[in-house]
1. Look through region 386-414, keep the residues that are crowded, with 16+ Cβ neighbours inside 10 Å and polar (S, T, N, Q), and return whichever of them is farthest from Leu459 (Cα to Cα).
2. Any residue that is out of contact with any helix residue (DSSP H, G or I) (no Cβ under 8 Å at 6 or more places or on another chain), closer than 19 Å to Thr180 by Cβ and either of a type in the set (Asp, Glu) or modelled with pLDDT under 95 (or both) - is there at least one of those in region 240-263?
3. Need at least 2 residues that are basic (Lys, Arg) and assigned by TED's automatic domain parsing to the domain that holds Ser183 per element, so show me which helices (runs of 4 or more DSSP H) inside region 227-331 make the cut, counting only ones lying wholly within it.
4. Just the residues that are within 30 Å of Ala150 (Cα to Cα) and among the β-branched types (Val, Ile, Thr), please, taken from region 67-98.
5. Taking into account only those residues within region 110-136 that are assigned to a loop (DSSP other than H, G, I, E, B) and out of contact with any Leu (no Cβ under 9 Å at 6 or more places or on another chain), which is nearest to Val260 (Cα to Cα)?
6. Tally the residues that are touching a strand residue (DSSP E or B) at 6+ places or on another chain (Cβ under 6 Å) and either without any contact (Cβ under 8 Å) to a residue 60 or more places away in the chain or under 18 Å from Val124 (Cα atoms) (or both), restricting the search to region 218-243.
7. Here's a check for you: in region 195-214, which residue that is modelled with pLDDT of 95 or more and among the acidic types (Asp, Glu) is surrounded by the most Cβ atoms within 10 Å (Cβ to Cβ)?
8. Of the conditions (1) within 17 Å of Met300 (Cβ to Cβ); (2) in contact (Cβ under 8 Å) with a residue 40 or more places away in the chain, Ala351 fails just one. Which one is it?
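The values are calculated or read from the model by the stated rules, or taken from the named source; none is laboratory data. Worth saying up front: this structure is predicted, and the values here are computed from it rather than measured. Because the Cβ atoms are built from the backbone with ideal geometry, glycine has one as well, and the counts that use them run over all protein chains shown.
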Amino acid sequence: MVMTERLNLASLPAAHAPAVDPRELTIGIVHLGLGAFHRAHQAVFTEQAALLTGGTGWGICGISQRSATVRDQLAPQDGLYSVLTRGAGDPTIQVIGSIRDVLTAPEDPAAVVARIADPDVAVVTLTVTEKGYRAASGGGLDLTDPEIQADLTGRPPRTVVGQLAAGLARRAEIGAGPLTVVSCDNLVANGPFLRRLVEDYAAAGSTAGLAEQLEAARFPASMVDRIVPATTEADRDEAARLLGVRDEAVVVAEPFLQWVIEDDFAGARPAWDKAGAVLTADVAPWEQAKLRMLNATHSMLAYLGGLRGYETIAEAVRDDELAGYATELMTADVVPTLTPPDGLDLAAYGASVLERFANPALKHRTAQVAMDGSVKLPVRLLGTVRDRLAANAEPRLASLAVAAWMVYVSRGVDAKGNELHLDDPQAGKLRAALDGAGSQPPAVVDALLGVRSVFGDDLPDNKVFRALLTDHVASLTK
């Protein structure tokens, strides 16, 4: 039987009510990038913190940066949605009510700025993916980006950095307090990185009050972890069976949930630590372990698995050869580059990574993980490559992962003849580099190594790295 009644406050069975009555919440957080990950991660932490402390001032206003899909899903549901958790046993479901408002930036960019400037808002969080920051290859803001340039002319901003800058400037105008901006994307030192982008934007413009607000603002680094695959119709059907009503906004997640945050806030904050987040003076060791072990291995399995025709990461992990490569990447190449934080056993962490990836209930698609490789590789794999080369060691497995990306990009089909769609912000640049290069491994490697926005100025000239890539590309294409 197909459920037609939608999830909302009136239809929701009492057994599935949110932990905190959403009608009692006022907005104190703005979140940029209202995708599935935020709804399965920061919004869950925020709701649990409100439950444990009784705080009602930390409702979330979510900002969708592109489409109105999430807004249209949540609006008829009073902002409610469910998290369907899939682990080893039967799935469980939890209704979340911490998102109290949703704006779609392209429809009303001025409203986004007004919400960031709201004096009741003390924290802005972000999950906009690596490409959403519009950074140049050198690490600063890409001031040649047409959308950044358009924002700098004074239009209602449509970029994340433009939105933050305009919101901070407006806070100066109305005398609002200082803001804490928490990046939750997989970027090295993401807080300081984002501060630099906003500073670059400020230096390129002449926005009154922005410099003073920036000086008072805080940009703590953070590290997030939870596997959140794309929701399918089967997931929506499962949620309807468990809830008794239809939830068009359900998100799917694994049981594992982690958030490490630098304890550096400009003012009040939710009691995320009460809900299980780790507040620390130094996020870097946690971040490096996650980026170089979990995220890098995820990318390796996506490209190698995709080339072999595996649809999901779980299928790729069940391939003994690929699982062996993933293990060796972590133990041989990554672990020697890390200084683990207190309480983190790297060997146990590596084993848990593969165990989580093998969860067949998640159905995390290789194509989804393979997206945006040109911006993911530098932060997930190329740091390990550089550190191993600097130690006069050969990064054999890290190079295999990079070579798999090169073949994925250049060949465009898997072992079964199915198309490997290139979904990447630099797709045009990558195709232009490969145009006329031919299919021979040395030519493919030379062409893609020449994309300096990915590999910088050092790696293309490294003979050891080039030789490793050429050998791996040859083995993957024979």
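1. Ser410
2. Looking for residues that are out of contact with any helix residue (DSSP H, G or I) (no Cβ under 8 Å at 6 or more places or on another chain), closer than 19 Å to Thr180 by Cβ and either of a type in the set (Asp, Glu) or modelled with pLDDT under 95 (or both), one finds at least one in region 240-263, hence yes.
3. Details: elements: 233-243, 284-289, 296-307, 313-317, 320-328.
Filter on region 227-331 gives 233-243.
4. Going through region 67-98, the residues within 30 Å of Ala150 (Cα to Cα) turn out to be 67-72.
Listed by number, the residues that qualify are Thr69, Val70.
5. Going through region 110-136, the residues assigned to a loop (DSSP other than H, G, I, E, B) turn out to be 118-122, 127-129, 134, 136.
Next, only the ones that are out of contact with any Leu (no Cβ under 9 Å at 6 or more places or on another chain) stay: 118-120, 129.
Working: Asp118: 27, Pro119: 26, Asp120: 25, Thr129: 18 Å.
Among residues in region 110-136 that are assigned to a loop (DSSP other than H, G, I, E, B) and out of contact with any Leu (no Cβ under 9 Å at 6 or more places or on another chain), the one nearest to Val260 (Cα to Cα) is Thr129.
6. Result for region 218-243: 7.
7. Across region 195-214, the extreme among qualifying residues is Asp200.
8. With respect to (1) within 17 Å of Met300 (Cβ to Cβ); (2) in contact (Cβ under 8 Å) with a residue 40 or more places away in the chain, Ala351 is out only on (2).
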